[in-house]
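Chemist: One structure is given below, represented as structure tokens, and several questions about it will come after.
Coordinate-derived values only; no laboratory data. Source: prediction; values computed, not measured. Glycine also receives a Cβ, built like all others from the backbone with ideal geometry; neighbour counts cover every protein chain displayed.
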Amino acid sequence: MDQRLADLLHLMELEQLEVNLFRGESRDIGSPQVFGGQVLGQALVAASRTVVDRQCHSLHAYFLRPGDFSAPIVYNVDRSRDGKSFTSRRVVAIQHGEQIFHMSASFQVEEVGVEHEAPMPAVEAPELIPDLDAYAKQCPEAIPPFAQRFFDKPRPFEFRPLQLPNFLDPTPRPPRKAVWFKAVDVIPSADPVLQRCLLAYVSDYNLLDTAVMPHGADGLRMQMASIDHAVWFHRPFRVDEWMLYATDSPSASGARGLSRGSIYTRDGRLVASTAQEGLMRVREAPKP
């Protein structure tokens, strides 16, 4: 297995300290603090370890403080309710004695009901789109210093954006984009719990920056951080097969931007929806 994916699967194997207490490691992906998707995925692992024969259908989380790469994260699971059809869990992530994150997740027994889904946007196949890492290596002049550290770090997912990024172009663009993604290697287990945890992890990529696209030069000076994150799981999937992440941003105000996402399998099934609000604070322009 590709070492990048093997390392991510290792991150998802939390150490159990007590009945409802788990501990996880962190990785530096090139962001200023612990990647929010890592905390999302690990928190869902912790919650799922306390649930039997039910799958997570939704989660809602808040990021309270930046995470520290050098210290473990402890996840405390509260078993809020076990009903006939639904199970509710609340997870608090703790570092250095303080809460850095909390999440509510709901699980449901498998049921059959009526169905409908929004159609997938018509886009080019992933084989026709350049890989983001390859683009960064071929066009290093398009990657400014503040983004170079992110591209220097190995990632367990491959991304093929329909709109290649241009960090140095101050031209405003519509707040919509689409990205093909998949794990860099085959995942040995088809376990739906693991698949959901990995999708929660990768769902934090490519979402908040959609809200920056209409703001041109201001976007190059923004302080950005995730405030909250929500995921709804609709249908089965595998994250080692191509999936399309279509995102848009309906609003930005009050130094916050809202982004929404729809995740489709290659054959057009809507398997998950996401939403995230993040801090978008414009820094003072440097003086000439």
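Chemist: Let me make sure I get this right: for segment 134-241, a, b and c are the square roots of the gyration tensor eigenvalues over alpha carbons, sorted descending. Under 1.5 in a/c it's rounded, otherwise prolate if a/b > b/c, else oblate. Which is it?
Modeler: Here segment 134-241 falls in the prolate category.
Chemist: Between Arg269 and Asp228, what is the spin-label point distance in nm, taking each point 7 Å from the Cα along the Cα→C-beta axis?
Modeler: 3.0
Chemist: Assuming 0.36 nm per residue, please report the length gained on full extension of the stretch His116 to Asp133 beyond their Cα-Cα distance.
Modeler: Full extension from His116 to Asp133 adds 2.5 nm.
Chemist: Please report, to two decimal places, log10 I(q)/I(0) for segment 70-227 at q = 0.09, 0.11, 0.14 Å⁻¹ as given by the Debye formula with identical point scatterers on the Cα atoms and no solvent.
Modeler: The Cα Debye sum returns log10 ratios of -0.46, -0.68, -1.05.
Chemist: Quick one: length gained pulling Phe69 to Gln3 fully straight, 0.36 nm per residue minus the C-alpha distance?
Modeler: Answer, rounded to one decimal: 21.8 nm.
Chemist: Separate question: Give me the angle, in degrees from 0 to 90, between the Cα long axis of helix 192-202 and the longest principal axis of the Cα atoms of the chain, rounded to the nearest 10.
Modeler: So the helix axis and the longest Cα principal axis differ by about 30 degrees.
Chemist: How do the peptides 66-76, 224-234, 206-216 rank, highest first, by the average count of neighbouring beta carbon atoms within 10 Å per residue?
Modeler: In descending order of packing, they fall as 206-216, 224-234, 66-76.
Chemist: Distance in nm between label sites at Val123 and Glu18, each 7 Å beyond Cα in the beta-carbon direction?
Modeler: If labels sit at Val123 and Glu18, their model points lie 4.4 nm apart.
Chemist: Same structure, new question: Going 7 Å from the Cα of Val184 along its beta-carbon direction, which residues of segment 130-161 have the amide nitrogen within less than 13 Å of the resulting point?
Modeler: 132-134, 151-159
Chemist: Please compute the modelled spin-label separation between Arg281 and Ser80, points set 7 Å along Cα→Cβ, answer in nm with one decimal.
Modeler: For Ser80 paired with Arg281, the spin-label model returns 2.9 nm.
Chemist: Work out from phi, with θ = phi - 60° and the Karplus expression 6.51 cos²θ - 1.76 cosθ + 1.60, the ³J(HN,Hα) of each residue of segment 24-37, listed in order in whole Hz, and give x for Gly and Pro.
Modeler: My calculation for segment 24-37 gives x, 8, 10, 10, 8, 9, x, 8, x, 9, 3, 4, x, x Hz in order.
Chemist: Where a Cα-Cα gap under 12 Å defines reach, which aspartates and glutamates qualify for Lys177, not counting those fewer than 8 residues away within the same chain?
Modeler: Partners within reach: Asp209, Asp248.
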